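Heads up: the structure comes next, in structure tokens.
The values are calculated or read from the model by the stated rules, or taken from the named source; none is laboratory data. Note that this is a predicted model, so its numbers are computed, not measured. Here the Cβ positions follow ideal geometry from the backbone for every residue, glycine too, while neighbour counts run over all protein chains shown.
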Amino acid sequence: MNPRLPSGRVAVSTATTGTVLIAAAAFWLSFTALTDLARRSGIDAGQAWAWPLIVDGLIVVATVAVVALDGHRAAWYPWLLLIAGTLVSVVANALHATVAADADVPPLLAGCVAAVPPLVLLASTHLTVVLVRSHRARTTDAEGQEARLAPAGVTDPVDEDSAVLPEVFATAAPVLTAPQVPSLEGEDRRLVAARMRDEGESNKAIARALRVAPSTVGRWFAKELNAGASAPAEHEEPKEQDS
């Protein structure tokens, strides 16, 4: 497992939580300002709250669409909506600050302060979507890398007398402690295997030395045991027939 994945997950979760909180605070400031501006502009007080949802909601939806359609030809449309929604929100917040600010506060200063929430809302929303998408991509890449690095199983050879293991066993053979033997065939390999078995070598060590599958060595000895069990005893006396 990738050791960087847990720490990356914590970092992404922390950053995502922080950006969501910042986006919520920025949305609330912009929401109250735009609601008051809509009420001052003649919209009924019971419906004024819908106007900031339309403007700032467009920023959130367009930001998600821009990230989702990244690289596609149709991405120009959510970009257009994002730019338009941001401009409307920034201008509306600045106008509200100019109207509602105290007389001793310069209009330019009030407008600049009021323009911060919609811009922060745009930036934090975009950052949240990018973090989530990046984390999913990293998780998918890590799982794919683990699947690619998983050891493949070694299947038994079809011909137990002539087939050999893949090259990885052949290249690893020189560093093994089992005695090395020349290339043998047929009964010679079985005799060598029997001698190594008598010397206390395991089936795996014999298989590595002879460059065959461990299951092949096991079948050799199984055949010998079956042959020995089926052969009649040398000193077995014939049974006397009943008279």
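Can you find, within segment 71-110, the residue that is surrounded by the fewest Cβ atoms within 10 Å (Cβ to Cβ) among those that are hydrophobic (A, V, I, L, M, F, W, C) and not in a helix (DSSP H, G or I)? So the residue we want is ALA103.
Restrict the check to segment 157-166 and report whether at least one residue is modelled with pLDDT of 70 or more, of a type in the set (Ser, Thr, Tyr) and not assigned by TED's automatic domain parsing to the domain that holds LEU210. Checking segment 157-166: not a single residue is modelled with pLDDT of 70 or more, of a type in the set (Ser, Thr, Tyr) and not assigned by TED's automatic domain parsing to the domain that holds LEU210. All of ALA65, ALA38, ALA23, ALA33 fail the test of being outside any loop (DSSP other than H, G, I, E, B), in contact with a His (Cβ under 7 Å, 6 or more places away or on another chain) and surrounded by 18 or more Cβ atoms within 10 Å (Cβ to Cβ), apart from ALA33. Only a single item in (1) more than 41 Å from the chain's Cα centre (by Cα); (2) under 22 Å from ALA24 (Cα atoms) is not met by ALA50, and it is number (1).
Would a scan of segment 40-50 turn up a residue that is assigned by TED's automatic domain parsing to the domain that holds HIS126 and under 25 Å from VAL20 (Cβ atoms)? Yes, that holds for at least one residue.
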